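The values are calculated or read from the model by the stated rules, or taken from the named source; none is laboratory data. Please read these numbers as outputs of a predicted model, since none were measured by experiment. Cβ placement follows ideal geometry from the backbone for every residue including glycine, while neighbour counts extend to all protein chains displayed.
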Amino acid sequence: MTTIHYLILFLGVGTLGIVNSSRAVEPQPNIVFFFVDDMGWQETSVPFHTEVTELNKRYHTPHMEKLAREGMKFTQAYAYAVCSPSRVSLMTGVNGARHQVTNWTLRKNQSPDPNHPKIAAPMWNMNGLSDKAGVERSFVVETLPMRLKEAGYTTIHVGKAHFGAKDTPGAEPKNLGFDVNIAGHAAGGPGSYHGDKNFSAVWREGDEIWDVPGLEKYHGQKINLTEALTQEANQAIEEAVSEEKPFYLYLSHYTVHAPWEEDRRFYQKYLDQGLDEFSAMRASMIESMDHSLGDVLAKLKELEIEENTIVVFMSDNGAPKQVALNKPLRGHKLTPYEGGVRVPMIVKWPGVSAAGSVCEQYVMIDDVFPSFLEMAGVPSTKTDLDGKSWVPLVKGESIDAENRAIVWHFPHTYDQYPYSSIRQGKWKLIYLHTDRIIELYDLSEDISEEENVASQYPEVVKELAGLLTNYLKEADAGMPLDKQTGKVVEYPAEIAL
């Protein structure tokens, strides 16, 4: 289905999303989505595995620990393996294969994919999200903040946006439904984390495209970007509360994305613990993020709104290849393996989520859209979303989700080979496009994806390859071109005959 078809579908139902003011007695809850960039599954003192790992022992995240004690920890939460697909999916409830923003965006009509000797990436929506038709290579849709805004919410964006390419409408979060935009623009990383470098990359490489906008009042100060964004977020919360309106705060930190620069408040303690300079730097950035979480939670308590505020913590993809592996997971950011796509997630919904509870059911970042709408009491008017609400899971209800299939699609050559993958129940199938290789893993027995059991379970391979193929075709997902044959790469079902 084309982008234009989806525009028609969403415009046809958009006006139905307004909440009837007489439907509820209880006030609409505030929603804080605390979203972290490039943070691995184990880069926290909160163990998301069944046992404490070495990385858990390295990091100090007491506010994440507190959030987990007071809410529900999801041990099998998934995002995409790179940032822009995750961000577009949480904004729309649509899978990356369908919205076709399958790699990271930055410059208009430019793809980051390098030339590859065997494979050429397909055309894709490299300009990201848009609020209007007519912008080439973009996905036009009604977004989550648009729906919440219609329902009476003040919608606040703080931090990294990375929804659309520079010089396109999607580069400005206000075009996508946010009332407030603080520091969000086209770039997916900051020029610098240091205020005394004006959060700019000019000192390093002379390219202003990475410079964080709108924080001039902090320029020249020895303040970390994460701290500055936290101060701005807390001020925005105060203003929303003073207006006596529910708010949706999308606090999307740039950290712990490159460039890796220490938070000077925490760096020395990790050096003193014996970590090397790079590892200490990474650890200081993790603690900087956690300190921000603590400051936001403290602000909610100070304003006496914590009991009516839902807090959701999540990362947009796994840790990059330059950092320590998130063992027992295999792989890193951009790869199809669990280390690239499995992320930390915690939900605290006062009066609803059980304190200290754990959910082992897998969920996907596509699910943020319908979940937040349900939490806000906004009727869901879309029936063809890829995302499924995890509100029943937060409520502790038993649901049969083992047959649910979730899909990843990365038909690109950027710093990685192209692939498509699917998980259903305990099984995960990975199709590597370049060499037409199929891998199968039993995640219930092999979380590290060490043993490819495709040859042992041909019937499972055939079934999952068929499901993946059907979905890719139905979603009109782009497949890469084989330069040697001049033909599009075969679908997985054509390989798993």
Count - residues of the stretch 425-444 that are touching a Leu at 6+ places or on another chain (Cβ under 9 Å) and either in the same structural domain as GLN361 (by TED's automatic domain parsing) or crowded, with 17+ Cβ neighbours inside 10 Å (or both): 9
Residue in the stretch 116-131 that is farther than 24 Å from MET479 by Cβ and at pLDDT below 95 present: yes
Residue match in the stretch 269-283 (condition: within 21 Å of the chain's Cα centre (by Cα) and over 30 Å from SER353 (Cα atoms)): yes
Cross-chain or 6+ apart pairs with Cβ under 6 Å, the stretch 102-131 first and in contact (Cβ under 8 Å) with a residue 40 or more places away in the chain, then surrounded by fewer than 19 Cβ atoms within 10 Å (Cβ to Cβ) and of a type in the set (Phe, Trp, Tyr): ASN103/TYR414; PRO112/TYR414; ASP113/TYR414
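Any idea which of TYR59, TYR80 is of a type in the set (Phe, Trp, Tyr) and surrounded by fewer than 24 Cβ atoms within 10 Å (Cβ to Cβ)?
TYR59
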Subset of the stretch 187-209 that is surrounded by fewer than 22 Cβ atoms within 10 Å (Cβ to Cβ) and among the hydrophobic types (A, V, I, L, M, F, W, C) - its residue that is modelled with the highest pLDDT: ILE209
Criterion: acidic (Asp, Glu), part of a loop (DSSP other than H, G, I, E, B) and at pLDDT 95 or above - qualifying residue of GLU43, GLU26: GLU43
Which listed residue is among the β-branched types (Val, Ile, Thr), in contact with a Phe, Trp or Tyr (Cβ under 6 Å, 6 or more places away or on another chain) and in a helix (DSSP H, G or I), from THR469, THR434: THR469
Condition check for SER455: in a loop (DSSP other than H, G, I, E, B) and closer than 17 Å to GLY340 by Cβ: no
